[in-house]
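Asks: Structure provided below as structure tokens; questions to follow.
The values are calculated or read from the model by the stated rules, or taken from the named source; none is laboratory data. Please read all numbers here as calculations on a predicted model, not as lab measurements. Neighbour counts run over all protein chains shown; Cβ positions are idealised from the backbone, glycine included.
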Amino acid sequence: MPGSLLSAKLVKTEQLSANTLQLSFELVQDERASFNFIAGQFVQLQFEIDGELHKRSYSIANSPDDFKATGQLQVALSLVSGGIASELFQKASPGTELNIAGPFGVLTLPETFPGQLILVGTGTGIAPYRSMIPQLKTLSDKGTAVTVLKGFRYREESIYSEDFTQLPNLKYRTCLSRESTVNTANYEYAGHVQDQFDALYLNPENDVVYLCGNPSMIDDCVILLRDRGLSPRQIKREKYVYSGH
């Protein structure tokens, strides 16, 4: 049931990049079967420190099929210096228990698109698109033009590149805003994600753009997309509001 509180334990922590962790959680066995989510949704992690309850929301980074097969729920966390959640999970050992609420969110995919699909994410805002990979493969195999735009400051911050580059029919670009040089052979481009819109030849009649990540990026993209004639129904968004992490 959406919004219900579930018991979970940390089973694995992986360093995805210089500033990103991937956390894998396992739900209690009798609750696992009742937890259903749609690719693109997020969960809220709830934990106590010194008797104070803290809540942090993270997009689910693995697909529903992967969750059913492994029993593990993956989320990506951006490390913030002095952040409460960052410090907790950098030190947390396997077996650490907490509660998970969810799933929440409507950043999900329909079965078909009339035009091209553009998925834009900065930082861990790319995680919900990783959860969608089986659907993206189906869409691209059926002829939908799918482009993923990832945005980071530096190359060392990039995550989930191999997951997307393995899809032959999907277009993929990593935008690096603070690197002095880029390698287009590795799908790298200088600047911000919104700098790529002109090269995509957006059709304001049919194309759909998804936006996830930094609120400033999303606001800037919405302005540019509306100037290009896209209506609000063609722009799907989910902002990552800073919570001190």
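Asks: Which pairs have Cβ atoms under 8 Å, sit 6 or more apart or on different chains, and link a residue in segment 64-92 that is over 18 Å from Gly213 (Cβ atoms) to one that is small (Gly, Ala, Ser)?
Replies: Pro64/Ala39; Pro64/Ser131; Gln72/Ser24; Leu73/Ala8; Leu73/Ser24; Ile84/Gly244
Asks: Answer with yes or no whether Thr108 is of a type in the set (Val, Ile, Thr), within 15 Å of the chain's Cα centre (by Cα) and surrounded by 19 or more Cβ atoms within 10 Å (Cβ to Cβ).
Replies: Spelling it out, it is not the case that Thr108 is of a type in the set (Val, Ile, Thr), within 15 Å of the chain's Cα centre (by Cα) and surrounded by 19 or more Cβ atoms within 10 Å (Cβ to Cβ).
Asks: Tell me which residues, restricted to segment 168-189, are among the hydrophobic types (A, V, I, L, M, F, W, C) and within 24 Å of Leu117 (Cβ to Cβ). Outline the logic, then answer.
Replies: Within segment 168-189, the subset among the hydrophobic types (A, V, I, L, M, F, W, C) is 170, 175-176, 182, 185.
Passing the criteria: Leu170, Cys175, Leu176.
Asks: Mind listing just one residue for me: the one in segment 42-58 that is without any contact (Cβ under 8 Å) to a residue 40 or more places away in the chain and of a type in the set (A, V, I, L, M, F, W, C) and, of those, farthest from Lys239 (Cα to Cα)?
Replies: My answer is Ile49.
Asks: Say we look at segment 154-200 and pick out the residues that are assigned to a strand (DSSP E or B) and of a type in the set (Ser, Thr, Tyr); which of these is nearest to Leu16 (Cα to Cα)? Walk me through how you get there before you give the answer.
Replies: So in segment 154-200, the residues assigned to a strand (DSSP E or B) come out as 170-176, 188-190.
Keeping just the survivors that are of a type in the set (Ser, Thr, Tyr) gives 172, 174, 189.
Values: Tyr172: 19, Thr174: 16, Tyr189: 21 Å.
That would be Thr174.
Asks: Something else now. If I ask for residues that are closer than 18 Å to Ser177 by Cβ and not aromatic (Phe, Trp, Tyr), which ones from segment 120-153 would you list?
Replies: First, the residues of segment 120-153 that are closer than 18 Å to Ser177 by Cβ: 120-126, 148-153.
Of everything in segment 120-153, those that are closer than 18 Å to Ser177 by Cβ and not aromatic (Phe, Trp, Tyr) turn out to be Val120, Gly121, Thr122, Gly123, Thr124, Gly125, Ile126, Val148, Leu149, Lys150, Gly151, Arg153.
Asks: Which count do you get for residues in segment 179-196 that are at pLDDT below 95 and small (Gly, Ala, Ser)?
Replies: 2
Asks: Could you say which residue among Glu111, Glu97 is within 30 Å of Phe197 (Cβ to Cβ) and either among the charged types (D, E, K, R) or outside the structural domain of Tyr210 (by TED's automatic domain parsing) (or both)? So that I can check it myself, show each step before the final result.
Replies: Values: Glu97 fails: within 30 Å of Phe197 (Cβ to Cβ).
Answer to the selection: Glu111.
Asks: Can you name the condition, by its number, that Ser140 falls short on among (1) over 23 Å from Ile235 (Cβ atoms); (2) at pLDDT below 95?
Replies: Unmet condition: (1).
Asks: Out of the residues in segment 223-237 meeting the condition of being without any contact (Cβ under 8 Å) to a residue 40 or more places away in the chain and not hydrophobic (A, V, I, L, M, F, W, C), tell me which one is nearest to Asp198 (Cα to Cα).
Replies: Looking only at segment 223-237, we keep the residues that are without any contact (Cβ under 8 Å) to a residue 40 or more places away in the chain, and these are 223-235.
Checking the rest, the ones that are also not hydrophobic (A, V, I, L, M, F, W, C) come to 226-229, 231-234.
Details: Arg226: 13, Asp227: 12, Arg228: 10, Gly229: 13, Ser231: 17, Pro232: 19, Arg233: 20, Gln234: 17 Å.
Step by step, filter segment 223-237, then rank; the result is Arg228.
Asks: In addition: Only one of these conditions is not met by Glu97: (1) in contact with a Ser or Thr (Cβ under 8 Å, 6 or more places away or on another chain); (2) surrounded by 15 or more Cβ atoms within 10 Å (Cβ to Cβ). Which number is it?
Replies: Among (1) in contact with a Ser or Thr (Cβ under 8 Å, 6 or more places away or on another chain); (2) surrounded by 15 or more Cβ atoms within 10 Å (Cβ to Cβ), Glu97 violates only (2).
Asks: Which ones in segment 29-61 are surrounded by fewer than 16 Cβ atoms within 10 Å (Cβ to Cβ), farther than 23 Å from Leu109 by Cα and either among the charged types (D, E, K, R) or within 19 Å of the chain's Cα centre (by Cα) (or both)?
Replies: If the condition is that a residue be surrounded by fewer than 16 Cβ atoms within 10 Å (Cβ to Cβ), farther than 23 Å from Leu109 by Cα and either among the charged types (D, E, K, R) or within 19 Å of the chain's Cα centre (by Cα) (or both), then Asp30, Glu31, Glu48, Asp50, Glu52, Lys55 are the ones that fit.
Asks: Checking the condition surrounded by fewer than 15 Cβ atoms within 10 Å (Cβ to Cβ) and not in a helix (DSSP H, G or I), which residue from Gly121, Gly143, Gly151, Gly115 passes?
Replies: On the way: Gly121 fails: surrounded by fewer than 15 Cβ atoms within 10 Å (Cβ to Cβ); Gly151 fails: surrounded by fewer than 15 Cβ atoms within 10 Å (Cβ to Cβ); Gly115 fails: surrounded by fewer than 15 Cβ atoms within 10 Å (Cβ to Cβ).
Within the list Gly121, Gly143, Gly151, Gly115, the selection yields Gly143.
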